[in-house]
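Derivation of every value follows stated rules applied to the coordinates shown; laboratory data play no part. Just so we're clear, the structure is a prediction, and the values are computed from it rather than from any experiment. When we count neighbours, we look across all protein chains shown, and the Cβ atoms used for this are built from the backbone with ideal geometry, even at glycine.
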Number of protein chains: 2
Amino acid sequence: MVLKVRKKVRALPGCPMSKCMDLLGGCWTPEVLWSLSEGPRRFSELRRDNPFISAKVMTSRLRDLEKRGVLTRNVMPTSPPTVEYELTDLGKELLPAIRSIVEVGSRLLLRDSTG
Amino acid sequence: MVLKVRKKVRALPGCPMSKCMDLLGGCWTPEVLWSLSEGPRRFSELRRDNPFISAKVMTSRLRDLEKRGVLTRNVMPTSPPTVEYELTDLGKELLPAIRSIVEVGSRLLLRDSTG
DNA sequence: GCGGGCAGTTTCCAGCTGGTTACCGAAAAG
DNA sequence: CTTTTCGGTAACCAGCTGGAAACTGCCCGC
């Protein structure tokens, strides 16, 4: 549920895991990416998707991910404002990892309930 | 590279992602699991595998994972002491997620160099 | 004229946490 | 005799960071 990104120690140059965790890292990041996996979503939709993420953290995570090229932020000139977030190609490359995490989680839940 | 576990907000009851992240979460946890994926390893081997993890954090992560049933700690009565860590069945269930993260990372590295 | 929804921003604060350093006992190596 | 290895533990400290609450501007509906 909670990933944290370090500021100092960035991804080790040639390490695949570091490379990937550098993008997945950060509190709630996997949840956000999961919400975006089905297609573009607006800020308030993302917030309703996972009500435990505060607005501040949601904003911060989205900005980070935008900066890293994982998603795009598209402000539409409507009123009230509409902002759509969408995974980039880079973002979509992360989905197999996200899906795998969800799959493993599902299996663990089953395991729990069936003993 | 760095995942952080929250103390208060544990896994949401029925959420697969939370369920899985609850075990993967915590700084360096994926790296440790990755090191153990090939078989049992000793403390000092784990430390050499990833020299950026301090002894303190390594210990703390291993104890957490043991408590959660992800790995076993086996102290052998040798001198100097030998301690072996090994994934449990539960721990092995996490490997698909870990592998997927590594795979995605590898693809991203390739993308960087050929892109 | 009031409230509400959108999409945030700002401020402040507590707390967890990871890094660093020092230290442990036993035994083997030099 | 000294140093190293093994597998840690204890103490201390700085810093990031997430949470909470208040505030913003704009427009629509009542």
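Using just the alpha carbons, could you tell me how many Å³ per residue the convex hull of the protein assembly as shown encloses?
In the protein assembly as shown, the Cα hull volume divided by residue count equals 132 Å³.
So for the stretch B:39-89, what percent of the C-alpha to C-alpha distances run longer than 11 Å? It would help to have the intermediate numbers written out before the result.
Details: 874 of 1275 pairs.
Everything past 11 Å amounts to 69 percent.
Just rank B:THR29, A:THR72, fewest to most, by other beta-carbon atoms within 10 angstrom. Write out the running numbers ahead of the final one.
Values: B:THR29 25, A:THR72 14.
Least to most surrounded, the residues fall as A:THR72, B:THR29.
Based on the alpha-carbon gyration tensor of chain A and its eigenvalue square roots a ≥ b ≥ c, which shape applies: rounded if a/c is under 1.5, prolate if not and a/b is larger than b/c, or oblate?
Values: a/c = 1.86, a/b = 1.22, b/c = 1.52.
Oblate.
Which order results if B:PHE43, B:PHE52 are arranged by neighbouring Cβ count within 10 Å, fewest first? Before the final figure, lay out the partial values.
Details: B:PHE43 17, B:PHE52 13.
Lowest to highest Cβ neighbour count: B:PHE52, B:PHE43.
Magnitude of the Cβ-charge dipole of the stretch A:17-110, K/R +1 and D/E -1, about the Cα centre, nearest 20 debye?
That gives a dipole near 220 debye.
Taking H placed 1.01 Å from N in the peptide plane, check which residues at least 5 places from A:THR82 or on another chain put their amide H under 5 Å from its amide H.
Result for A:THR82 returns A:MET76.
What is the mean number of Cβ atoms from other protein chains located within 10 Å of the Cβ atom of each residue in peptide A:24-32, rounded to a whole number?
Details: counts 7, 6, 3, 4, 1, 1, 7, 5, 0.
Mean shielding by partner chains, rounded to a whole number: 4.
List the relative contact order of chain A as a percent without decimals, with contacts defined as Cα pairs under 8 Å and 6+ residues apart. Kindly include the intermediate steps, with their values, before the conclusion.
Details: 117 pairs, mean separation 26.3, N = 115.
After rounding, I find 23 percent.
Shortest first and in nm with one decimal, please list how far the A:PRO51 label point sits from its counterparts in the other copies (point 7 Å along Cα→Cβ).
5.0
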